[in-house]
Amino acid sequence: MMQNDMKIGRLKNSVLGSLAVSACLQTLKKVYRNFCKALYSAMMHWSRLLLGGIALPLVLPWLVYNLYRSHFKNKIFRNRSLEDKVVLITGASSGLGEALAHAFHKAGTKVILAARRKDALEKVKNDLITKYPSKNTPVVLTLDLHDLKRIPQKAREALDLYGHIDILVNNGGISYRGEISETDLEVDLRVMVTNYFGPVALTKAILPSMLERNSGSIVAISSVQGKIAIPFRSAYSASKHATQAFFDTLKSELSHTNIHVCVVSPGYVHTNLSLNAVTARGELYGVMDESTASGMDPYDAAENIIIATAAKRSELLLAGILPKIAIFIRVFSSWLYFYLMGSRARRIRAANMIKED
Ligand SMILES: NC(=O)c1ccc[n+]([C@@H]2O[C@H](COP(=O)([O-])OP(=O)(O)OC[C@H]3O[C@@H](n4cnc5c(N)ncnc54)[C@H](OP(=O)(O)O)[C@@H]3O)[C@@H](O)[C@H]2O)c1
């Protein structure tokens with residue numbers, strides 16, 4: 001009897017126990033479900049808030065900006081906005097200037113090709129005429145950016161061709177290879193005058209006519225080296241830093257007008273720049289550097305520059321990720337930048353490659 005009672009008692013306990021466990025489980029499930037529901041609705045609430053409050057104000061302008069840019073990437077719209085504009089391009093006899101001449105001529109503008117070598121300019125002109133028939137015939141203008149005294153007269157000649165200039169592309173320039181301690185001051189002056197004072201003089205000679213019409217674009221071809229200085233390029237880098245500063249200032253000073261200023265900073269472009277560079281002693285460097293040879297195609301660069309000009313962009317950094325990181329490091333961590341540049345300088349010096357870098 002007693003044994004039976006005990007069995008019944010145990011059975012009762014186990015039934016009660018399992019009932020309690022299943023009740024607990026049910027409650028836990030409910031709590032879990034409610035928790036998931038609350039989490040889900042909180043996530044939805046916050047993501048809506050984030051989307052609406054933060055992402056949308058960021059994404060919308062980005063979308064509008066890209067729509068605006070794609071408008072100018074579209075050749076038909078871009079060419080319509082540039083058609084019959086008078087464009088003066090310096091350094092049009094080779095490299096990036098020649099590619100820019102092709103791009104602007106194809107877009108239906110009236111191109112004035114300026115540089116020192118008349119024969120090279122005539123060749124570019126003939127190429128343009130044969131490759132892209134247009135109602136506008138390119139004009140050749142010999143101009144030496146180093147001859148500061150004659151620049152106002154040359155600007156007058158350019159202005160007299162069509163009565164005005166819509167777009168001035170300050171592209172002509174030379175590069176330099178050498179060590180500061182061994183470089184003649186004459187070389188610094190030559191690079192500075194050609195790359196900086198020449199374009200400044202030309203801009204000053206053309207600017208009054210743009211101000212009179214309250215219209216025009218001034219494009220300055222600077223360089224990544226206008227933002228960061230690298231060893232054994234002092235004169236070139238200094239001339240491009242000065243270019244950046246001058247045209248940045250001009251941009252601000254012209255903000256009340258309808259005149260647009262754009263500074264273009266390319267990384268390496270595959271042109272004759274290193275071949276035509278001057279050495280510390282003022283001789284021709286005459287070497288095609290590996291970095292220049294593996295640089296961007298000048299026609300791709302020109303395409304980007306014409307889009308930026310048509311879209312009236314104020315700045316264009318035409319470079320890969322590494323130069324962009326270097327610019328970032330220079331601004332936000334100067335000690336790291338100088339550490340890296342110092343080791344670069346020591347490496348080049350150890351390999352006795354100052355000229356070949
Ligand atoms: N290639 C690159 O990696 C690179 C990178 C960043 C920026 N850039 C810049 O891009 C611009 C064009 O250079 P590029 O790469 O096309 O080199 P490039 O092939 O050597 O062309 C230089 C042009 O500048 C002209 N020029 C040189 N000295 C001149 C002077 N005293 N007066 C008038 N014109 C002069 C040359 O014509 P003449 O000899 O007939 O006068 C030539 O048309 C330069 O401002 C350069 O600093 C180039």
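Structure notes:
- Cross-link partners for residue 29 among the lysines, with Cα-Cα distance under 23 Å and sequence neighbours closer than 8 places in the same chain left out: 37.
- Put the Cα centre of segment 251-319 next to the Cα centre of segment 150-185 and the gap is 14 Å.
- Gyration tensor verdict on segment 181-230 (Cα atoms; rounded if a/c is under 1.5, prolate if a/b is larger than b/c, oblate otherwise): oblate
- For segment 238-311, Kirkwood radius (reciprocal of mean inverse C-alpha pair distance, Å): 14.6 Å
- Entries of 204/240; 123/149; 227/324; 73/312; 154/204 with Cα pairs more than 21 Å apart: 123/149
- Per-bin percent of Cα-Cα distances, segment 55-185 [10 Å]: 12, 34, 26, 17, 10, 2
- Crossing angle, helix 118-131 versus the chain [Cα axis fit, 0-90 degrees, rounded to tens]: 60 degrees
- Each Cα pair under 8 Å and six or more residues apart adds its sequence gap; the mean of these over the residue count of the chain is a relative contact order of 15 percent.
- Convex hull projection area averaged over all views, the chain, Cα basis, nm²: 30.8 nm²
- Relative to the longest principal axis of the Cα atoms of the chain, the long axis of helix 198-213 lies at roughly 80 degrees.
- Cα shape, segment 227-357, gyration tensor, a/c 1.5 rule: prolate
- When the square roots of the Cα gyration tensor eigenvalues are ordered a ≥ b ≥ c, the ratio a/c for segment 163-281 is 1.5 or more and a/b exceeds b/c, which makes its shape prolate.
- Legend: ranking of residues 211, 19 from fewest to most surrounding C-beta atoms inside 10 Å; resulting order 19, 211.
Values quoted throughout were computed directly from the atomic coordinates according to the rules given, and no laboratory measurement underlies them. It should be emphasised that the depicted structure is a prediction, and the values quoted were computed from it without experimental measurement. When we count neighbours, we look across all protein chains shown, and the Cβ atoms used for this are built from the backbone with ideal geometry, even at glycine.
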